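Q: Here's a structure for you.
Laboratory data are not the source of any read-out in this text; all were calculated from the coordinates shown. Bear in mind the structure is a predicted one, so any value in this text is a computation, not a measurement.
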Amino acid sequence: MDNEESNWTYTGGDAQLDSQNLEALESVSWEASEYVAHEKPISWYLILYGASVAITALVYLINRDILTAVAILTVTFCAGFFASRKPASKHYELSEKGLQIDSKLFQFSTFKSFSIVEDGALSSIWLKQLGKYQPNLVLYFSPEDEDKIVNVLSHFLPFEQRELDAIDRATRRLRF
């Protein structure tokens, strides 16, 4: 989003919506991938594992600790495994009850705010959780559903402007 003024209004929080507004509020459901998958050529994995072996050797030569070397290789193997995993298709539904992802229901009271984050041609909704160490919940959607999704969310959560942070930009640059 540009630095234009947002036309979304926060109407929820602890205040209850009156029954007339709830009746007018329609639920929104859609199917989407749980995350954006980037195709990785075999060279991507060769570079990952080659760099890991080089770093492992360097760390071992410096401190002579086999446990650290094994930990580096294990973490790299796990990262490569998860990088090759294909995303599942999820069913999302927003209603006055909360956000339901497949069979799991998230109450709106567990979220602090929502943001729309643009990443190139794709946009996603990021739900900031109340827990200090809980990650954001990222929802992908088709562009034609954006207004309906934002309409429902704006009744229950405040909108917060957000940009990709350094780690998010780095993982996208690495196509992880």
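Q: Determine by what factor the alpha-carbon radius of gyration of the range 50-171 differs from 2.2 N^0.38 Å, reporting the quotient. Don't jump to the answer; show the numbers that get you there.
A: Working: Rg = 19.5 Å, N = 122, 2.2 N^0.38 = 13.7 Å.
For the range 50-171, the normalised Cα radius of gyration comes out at 1.43.
Q: Enumerate the calculated ³J(HN,Hα) couplings along the range 64-81 in order (Karplus 6.51 cos²θ - 1.76 cosθ + 1.60, θ = phi - 60°), each rounded to whole Hz, writing x wherever the residue is Gly or Pro.
A: 6, 10, 5, 4, 5, 4, 5, 5, 4, 5, 5, 4, 5, 4, 5, 4, x, 4
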